[in-house]
Amino acid sequence: MKNTFYSNGKLFIAGEYLVLDGAEAFALPTKFGQDLVIEDLENKEIEWKSYDSNQHLWFEETLTFDEVIKGSDSLIDTVKSTLVNILHEAYILNPKFIDNSNGYKVSTHLTFPRNWGLGTSSTLINNIAQWADVNAFTLLNNSFGGSGYDIACAQNNTPVLYRVKDNFVEQVEFNPDFKEHIYFVYLNKKQNSKSAIYAYNNHKNNHLAQSVAENDKITHAILNAKTLKEFAYAVQRHEIHLSNILEMQTIKEAVFPDFNGVIKSLGAWGGDFVMVVSNENPKEYFAKKGYETILTYSEMILE
């Protein structure tokens, strides 16, 4: 018997960093994601194969049930140890998916390049949670950590507002008339979320409650903008607000000061994708600067 699970990728539009301290996060699920295909085997092992978006095998390993039950050494940081750790935490939450089985043949298939930062880990965790019949937010918390907004995107086919407290997810409407003026540009700089969060924790100040309240106000302004001008203004306010908290230049100040439009970091500042709000198609501008991967709103976002 074959079971297939699927999860959406994600883009963090507003509320990054501050989400960890209770702020509302606004995120969009992407048209890209990852599936997990499970078949039964007979040898108390998991034969695992992971394929990238070009159908190339990028990871292959056979795990014994004993390894999953015991877990991996937390000092070792490899693809295998990470996978064993996720499966081990799933096992703790629900031992039945291992104890009642004779073995599994598993394959995963990404529909986006691994380096894009759209959620290789979060889509995997959500898929494993579905397979093991456990809570994906708990599994994320026990394995990788993080706010959980990416799990909210993995599980929902609409834009979401998300709060860390009780993993609150609200499906919201975001389908603006001006979406053809929103683009996503890949910066080709993989950001480590953990180090970015460490930097944030060092910089956040005593006015945290005020910063969270201001974030929520701006996030709602972004979500409810009726015109391109309103949207661009709110997005710019968000960048300035976070720039002051992080004591970092915005991506536009640092890399694209001559661009005629608004640019917003998405998720960990300085890496992966940025959102570009522009009256004109910005492809030529970014291509000239060496940024070749530019997607329109409707190419990227699940609608």
Check: If one computes the Cα centroid of segment 127-193 and of segment 70-86, what distance in Å separates the two points?
Finding: 24
Note to self: Ignoring everything except DSSP H segments at least 4 long, calculate the 222 nm mean residue ellipticity for the chain; use -39,500 (n - 2.57) per segment, divide by total residues, nearest 500.
What the structure shows: -11000 deg cm²/dmol
Check: Residue by residue through segment 34-45, which ³J(HN,Hα) values in whole Hz follow from phi under the Karplus form 6.51 cos²θ - 1.76 cosθ + 1.60 (θ = phi - 60°), with glycine and proline marked x?
Finding: 8, 10, 9, 10, 10, 10, 7, 10, 10, 10, 6, 9
Checklist line | Mean-position separation - Cα centroids, segment 90-107 and segment 199-222, in angstrom | finding: 41
Item checked: Per-selection metrics, segment 1-157 (Cα): Rg and Dmax in Å -> 15.4, 47
Next item on the list: Beyond 29 Å between alpha-carbons counts as too far, so tell me which of Lys204/Lys226; Lys226/Lys252; Lys10/Lys204 fall in that bin.
Entry: Lys204/Lys226
Notebook entry, point to check: Check Phe168: other-chain or 5+ apart residues with amide H under 5 Å from its amide H, H built from backbone geometry?
Noted result: Arg163
Notebook entry, point to check: Over segment 1-154, what is the mean sequence separation of C-alpha contacts under 8 Å (at least six apart), divided by residue count, expressed as relative contact order in percent?
Noted result: 32
Notebook entry, point to check: Using the Cβ atoms and a cut-off under 12 Å, what net charge is assigned to the surroundings of Ala136, where Lys and Arg are +1 and Asp and Glu are -1?
Noted result: -3
Notebook entry, point to check: How big is segment 257-303 by Rg and Dmax over its Cα atoms, in Å?
Noted result: 11.0, 32
Check: In the chain, with Lys and Arg counted as +1 and Asp and Glu as -1 at Cβ, which of these residues, Ala268, Ser122, Gly290, has the Cα nearest the positive end of the dipole, that is, farthest along it?
Finding: Gly290
Notebook entry, point to check: Short version: ³J(HN,Hα) in whole Hz for each residue of segment 119-124, in order, from phi by Karplus 6.51 cos²θ - 1.76 cosθ + 1.60 (θ = phi - 60°), x for Gly and Pro, what are they?
Noted result: x, 4, 6, 5, 5, 5
Next item on the list: Binning at 10 Å from 0, report for segment 112-245 what percent of all alpha-carbon pair distances ends up in each bin.
Entry: 10, 31, 41, 17, 1
Next item on the list: Tell me which residues come under 5 Å, amide H to amide H, from Thr64 once H is placed; ignore anything under 5 positions away on its chain.
Entry: Ile46
Next item on the list: Let me have the relative contact order for the chain, percent, based on Cα pairs under 8 Å that are six or more residues apart.
Entry: 23
Margin query: Report the gain in length on full extension from Asp40 to Lys80: 0.36 nm times residue separation, minus Cα-Cα distance, nm rounded to one decimal.
Written below: 12.3 nm
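Since every read-out is calculated from the coordinates, none of them should be taken as a lab result. Nothing here was measured: the structure is a model prediction, and the numbers come from that model. Here the Cβ is made from the backbone with ideal geometry for all residues, glycine too, and neighbour counts use every protein chain on show.
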